[in-house]
């Protein structure tokens with residue numbers, strides 16, 4: 001129970017679920033810094049006193065690259081932009097959630113418990129989003145709101161967990177054809193549509209079709225795809241205004257891509273933003289709104305719409321340099337080449353979705369939510385590979401997940 005409480009608390013912290021509208025901002029910052037310190041203390045205590053078995057950290061190399069990139073970028077922020085180390089340490093607090101990977105290896109939770117927890121978080125997100133939509137304009141969270149594309153887009157933290165929960169439930173539905181997984185999938189799709197985000201809807205559709213086509217459980221691929229299309233027809237007509245708005249926007253952007261703000265932001269942050277050649281290697285650091293560097297970056301966003309959070313891996317590169325890009329790409333390629341049990345296939349599809357949007361929306365390592373999810377999945381892969389190793393001890397501590405009951 002202690003392990004579950006610690007993991008649940010860390011996940012909620014990564015989501016800023018304590019970021020309720022009535023909690024002062026200063027307290028939130030202390031909480032965001034306090035959770036990584038708590039993780040570090042737990043890791044140290046387990047390192048000293050836990051003498052039980054250890055299994056291999058398969059992604060130690062990628063994690064080393066990440067932490068080197070973070071350290072180098074702090075120096076870049078100081079020497080290239082005059083941002084103090086103390087300011088950078090606080091501003092980049094989301095990066096410290098990479099400690100989740102080491103924390104999980106210390107606590108050694110069962111993978112099926114983590115997968116079940118992700119599904120529950122997806123369900124909670126659905127409930128929160130519906131409640132927040134009903135209560136709007138009264139806000140429960142400090143969440144961004146855009147009234148456009150035929151819908152009120154409320155960016156409640158946790159959409160990445162919902163996306164992963166959708167993939168897990170879809171995989172389970174394909175295996176078992178149980179109605180409860182089907183209901184959760186439909187509920188998730190409705191929320192995706194209400195979000196009005198093409199970077200979610202398009203990957204969800206593409207990955208869903210790939211999952212059906214590659215599944216060994218589905219006998220007739222053609223019939224199943226037709227059924228999926230028939231399911232989407234009522235959803236389309238129910239939210240037709242949203243879909244039409246997104247289609248029109250996409251058509252407009254494709255017809256004049258050179259004027260697309262994301263396209264121009266990518267060119268800007270690749271060819272104009274870096275102050276010198278060394279910064280192309282080690283990055284520029286995470287900008288703070290309380291430093292001249294951060295004020296300048298915010299000015300680019302306000303004046304031209306050049307948000308680092310809109311350009312995926314390029315935004316990560318601008319902050320942390322080449323090492324972070326190598327870590328992200330190498331990690332994704334390795335995961336896609338791993339042979340995983342049937343119950344873990346949703347992990348691969350999650351990373352396929354990340355690659356589909358690698359230049360869009362938030363970067364994989366751009367916030368605590370994404371980082372925590374990636375660490376959870378990397379740990380599950382580690383356990384899976386450990387279990388499938390021919391040199392497993394007689395008393396196997398974990399069993400590969402096959403179904404969620």
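Just so it is clear, none of the values below were taken in a lab; they were calculated from the coordinates. Quick caveat: nothing in here was measured; it's all calculated off a predicted structure. No Cβ is skipped: glycine too gets one built from the backbone with ideal geometry, and neighbour counts run over all protein chains shown.
Some notes on this structure:
- Peptides 112-118, 95-101 ranked from most to least packed, by the mean per-residue count of other Cβ atoms within 10 Å: 95-101, 112-118.
- The protection proxy used here, the mean number of other Cβ atoms lying within 10 Å of each residue, ranks peptides 313-320, 170-177 as follows, highest first: 313-320, 170-177.
- Debye log10 I(q)/I(0) for the range 69-126, one point scatterer per Cα, at q = 0.13, 0.21, 0.26 Å⁻¹: -0.57, -0.82, -1.01
- Spin-label model, residue 190/residue 2: points 7 Å from Cα along the beta carbon direction are separated by 4.2 nm.
- Only alpha carbons enter this Debye calculation for the range 290-329, each as an equal point scatterer, and the log10 of I(q)/I(0) it gives at q = 0.20 Å⁻¹ is -0.64.
- Rg(Cα)/(2.2 N^0.38 Å) for the range 29-147, N = residue count: 1.40
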